[in-house]
Amino acid sequence: MWSNPRMINRCERKYLGKVKAVIFDWAGTVVDCGVFAPALTFVKIFTNEGVPVTDEEARGPMGTHKRVHIQKVLENEGVKSRWIAKHGKAPTEQDIDRMYNEFIPQQLSCLKQYSGVISGVVETVAKLRNDYNLKIGSTTGYPSPIVNELKPVAAEQGYVPDCYVAGDDVPQARPCPYMVWLNGIKLDVHPIEAIVKVDDTVDGVKEGLSAGCWSVGVAKTGNYVAASEEQLKEMSSAELDRRLKRAYDILTDSGAHYVIDSVVDLPAVIDDINLRLSRGEKP
């Protein structure tokens, strides 16, 4: 064991300040309630390959870089066996590349249809900026071409983050921490304990955890409830409770520090984190 008689004490630095920035995911968190744009696109590109997938299979790896998402769907035993039955061999890297290249134009073709800002997001973000003096960042599994199309669509509806980081802006996307760290650099925010990451997927939650910041899961508007705002209104209370329980369980098990229904519930979480930070707690 290392020791040095001249160093018999050690000082530990603790951040006692407040939250400085919130980094939001896009689909299922601030836009596209139910995460339909990517889910429907994945279903379509697999159908085009002669290998239909279910909605649940298509949504499974949601939150990852979209090429990785395709790869993970193909690793699903059921999908892989159907692929081999159709094509006579296991999927290759060339297959993944071809499907990913198809994904981008297919996603762009339906992006506007499924890019409505979720109710309450614009007002909540304004509150976070005005009442809490927070900077607003963003990460996504979408590549840059899709983010560049998404920016003006969201801006027209009143949602404009201070920073945009896409899945292809970093060496590895979720669940690696690089997109969160790049947001911190671009926003000029430190320490990492002063950042809150908000996401509706397991890999998005893990992205925040691996970065070392607070990680908040969003259940009701996200991938695991998989319902539009209209569908949520029409859904029976029993069905909604069933889907919400599943979403809360998944996000809690992923390690989220907090799980909320929607972004509208975030200010109370920020208050609690600020209290914990004042006590010297870390994520």
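The values are calculated or read from the model by the stated rules, or taken from the named source; none is laboratory data. Predicted model only: the values in this text are computed from it and were never measured. Heads up, the Cβs are rebuilt from the backbone with ideal geometry, glycines too, and the neighbour counts pull from every protein chain shown. Note: areas computed on protein heavy atoms with side chains; ligands, DNA, RNA excluded. Shrake-Rupley method; radii C 1.70, N 1.55, O 1.52, S 1.80 Å.
How much of the accessible area of the chain, probe 1.4 Å, is carbon plus sulfur, in whole percent?
Carbon and sulfur: 51 percent of the exposed surface of the chain.
Any chance you could get the radius of gyration and Dmax over the Cα atoms of region 47-133, in Å?
In Å, with Rg to one decimal and Dmax whole: 17.9, 60.
Take the residue pairs K112/K135; K72/K233; K151/K186; K72/K282; K80/K233 and return only those whose Cα atoms are more than 28 Å apart.
K72/K233; K72/K282; K80/K233
How high is the relative contact order of the chain, given as a whole-number percent (alpha carbon pairs under 8 Å, six or more residues apart)?
Reported relative contact order: 26 percent.
Could you state the orientation-averaged shadow area of the convex hull built on the Cα atoms of region 129-248, in nm² to one decimal?
8.4
Beyond 12 Å, what share of the Cα-Cα pairs of region 235-280 remains, rounded to the nearest whole percent?
Result: 68 percent of Cα pairs exceed 12 Å.
If ligands, DNA and RNA are left out, what is the accessible area of K127 with a 1.4 Å probe, given in Å² to the nearest 10?
Counting only protein heavy atoms, K127 exposes about 80 Å² to solvent.
Mind pulling the angle between the C-alpha long axis of helix 66-75 and the longest principal axis of the chain? Nearest 10 degrees, somewhere in 0 to 90.
Helix 66-75 and the main axis of the chain meet at about 60 degrees.
Taking only protein heavy atoms and a 1.4 Å probe, what accessible area per residue, in Å², does the chain have with all protein chains in place?
Roughly 47 Å² per residue, with all protein chains present.
What is the log10 of I(q)/I(0) for the chain, computed with the Debye formula using one identical point scatterer on each Cα and no solvent, at q = 0.11, 0.12, 0.14 Å⁻¹?
-0.63, -0.74, -0.97
Determine the relative contact order of region 2-149: mean sequence separation of Cα pairs under 8 Å and six or more apart, normalised by residue count, in whole percent.
Relative contact order comes out at 37 percent.
Please list Y178, Y258 in order of solvent-accessible area, largest first, computed with a 1.4 Å probe with all protein chains present.
Y178, Y258
Give the peptides 75-83, 261-269 in descending order of average Cβ contacts within 10 Å, highest first.
Answer by packing, highest mean first, reads 261-269, 75-83.
Which ³J(HN,Hα) values in Hz, rounded to whole numbers, follow from the phi angles of region 203-220 under the Karplus curve 6.51 cos²θ - 1.76 cosθ + 1.60, where θ = phi - 60° and Gly and Pro get x?
5, x, 5, 5, 4, x, 5, 5, 6, x, 9, 6, 10, 10, x, 10, 9, 5
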